[in-house]
Every structure is written in structure tokens, then in C-alpha cells.
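> Have a look at this one before I ask anything.
Each reported figure results from applying straightforward, stated rules to the coordinates on display, with no laboratory input. Bear in mind that the values here come from a model prediction, so they are computed numbers and not experimental data. When we count neighbours, we look across all protein chains shown, and the Cβ atoms used for this are built from the backbone with ideal geometry, even at glycine.
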């Protein structure tokens, strides 16, 4: 059971990281990225992905701690 959940978690994270659709931007960010250079636009996209993933990781860790505490 534990191995299956770790494999599921790994593939879920991999799906978010590899997905090309996740490099979308809001309208304001897109305007800034279009006026900036390619390197700055890539950095902006990576920042958006980082800010999107961190809350999910924190909530996942909290859920795991709560689950282990309840046993």
C-alpha cells in the first residue's frame, strides 16, 4: 500500500512539472513577458510555477502529518 501511494505521488508531481499547459500566464504577466526578453519571460514562468506548486506541497505534507498522528 505504501509503495503504491508513493508511486502515485511521484507521477502526480511529475505530471504537474512536465505539463506544457502549466506554463500559462495571466493577462498582466503575459504583457510583461512579451515586453521583456526571452530569458526574463522564462524566469517569470518558472516563478509562476513555483508559486503554484508550493501551497499544494505544504498542504500535502500537513495532510501526511495529520494522517500519521491519527494512527
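> Pulled fully out, how much extra length does the chain show between residue 71 and residue 42, if you take 0.36 nm times their separation in residues and subtract their Cα-Cα distance?
Working: separation 29, 0.36 × 29 = 10.44 nm, distance 4.39 nm.
Net length gain for the segment: 6.0 nm.
> Under a point spin-label approximation (7 Å from Cα along Cα-to-Cβ), what is the residue 54-residue 2 distance to one decimal in nm?
3.1 nm
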